[in-house]
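Encoded as structure tokens, the structure appears first; notes follow it.
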Amino acid sequence: MHSRYVINYEGIFAAVRRRTVHSIAIGRFGQQSARILELLMRNPYLEQQVITDRAILPARETRERLYALFLNGWVSYQELSKRSDFSASSSAFFWYVDQTKLSHVVAEHCYKALFSLLIRRQQEISVFQTPILLSKEDEIVHRQHQYRIELLNFAEQQLDQTLVVLEQTL
């Protein structure tokens, strides 16, 4: 008897994208904001009070974190007015994550970081262009400098991998 397996590539890519975005959000905004973002990615169109309850955060902190995520383009909101005058007091605001927009915002952030890393590495390399070492102290300084360049190369590789993941899952 032959069994057939179907691989859900779309689900796999979505999970990888969610994990990548989550780890970047932790680095940029902190654990609580990443929790809010993850909540909105799984449950779109939530009111602030529902987010506060589910994320187990104080209302003020939730509001501040949502606003910071909104200003950076990570989340959006939909306003629904209960009356025709569209006043804020009679409106409900539903927060959500636009996956396509978020992927572009995160990719743009990664490209900027990669550009900064390339410039920084070029500056680090240009500082020590002379291979002649005069003393033991100079050798120690040179080793420290080489270590910094290796760290920059590693960070560049990680950013490249993140960009590949984001571009493949768009």
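If Thr62 meets every condition in (1) buried (at least 17 other Cβ atoms within 10 Å of the Cβ); (2) under 27 Å from Gly11 (Cβ atoms); (3) among the polar types (S, T, N, Q) apart from one, which number is that one?
The failed condition is (2).
With modelled with pLDDT of 80 or more, open to solvent by less than 100 Å² (accessible area, probe 1.4 Å), assigned to a helix (DSSP H, G or I) and of a type in the set (Lys, Arg) as the only criterion, which of Arg143, Arg121 stands out?
On the way: Arg143 fails: open to solvent by less than 100 Å² (accessible area, probe 1.4 Å).
Of the residues listed, the single one that is modelled with pLDDT of 80 or more, open to solvent by less than 100 Å² (accessible area, probe 1.4 Å), assigned to a helix (DSSP H, G or I) and of a type in the set (Lys, Arg) is Arg121.
Given the residues Ile24, Ile56, Ile12, Ile36, which is the only one that is loosely packed, with under 12 Cβ neighbours inside 10 Å and closer than 21 Å to Leu166 by Cα?
Being loosely packed, with under 12 Cβ neighbours inside 10 Å and closer than 21 Å to Leu166 by Cα holds for just one of Ile24, Ile56, Ile12, Ile36, which is Ile12.
Of all residues in the stretch 70-85, how many are outside any strand (DSSP E or B), at pLDDT below 90 and surrounded by 11 or more Cβ atoms within 10 Å (Cβ to Cβ)?
First, pick out the residues of the stretch 70-85 that are outside any strand (DSSP E or B): 70-75, 82-85.
In the following step, the residues that additionally are at pLDDT below 90 were identified as 82-85.
Those left that are additionally surrounded by 11 or more Cβ atoms within 10 Å (Cβ to Cβ): 82.
Count: 1.
So if I check each of Thr20, Thr100, Thr62, which one is in a helix (DSSP H, G or I) and more than 30 Å from Gln168 (Cα to Cα)? Lay out the reasoning, then the answer.
Numbers: Thr20 fails: more than 30 Å from Gln168 (Cα to Cα); Thr100 fails: more than 30 Å from Gln168 (Cα to Cα).
Testing whether each residue is in a helix (DSSP H, G or I) and more than 30 Å from Gln168 (Cα to Cα) leaves just Thr62.
All but one of (1) of a type in the set (A, V, I, L, M); (2) on the phi > 0 side of the Ramachandran plot; (3) at pLDDT 95 or above hold for Ile56; which doesn't?
(3) is the only condition that Ile56 fails.
Which of the residues belonging to the stretch 39-53 are among the acidic types (Asp, Glu) and either outside any helix (DSSP H, G or I) or crowded, with 19+ Cβ neighbours inside 10 Å (or both)?
Passing the criteria: only Glu47.
The values are calculated or read from the model by the stated rules, or taken from the named source; none is laboratory data. Just so it is clear, the structure is predicted and the values come from calculations on it, not from any experiment. Virtual Cβ from ideal backbone geometry, glycine too; neighbours counted across all protein chains shown. Note: areas computed on protein heavy atoms with side chains; ligands, DNA, RNA excluded. Shrake-Rupley method; radii C 1.70, N 1.55, O 1.52, S 1.80 Å.
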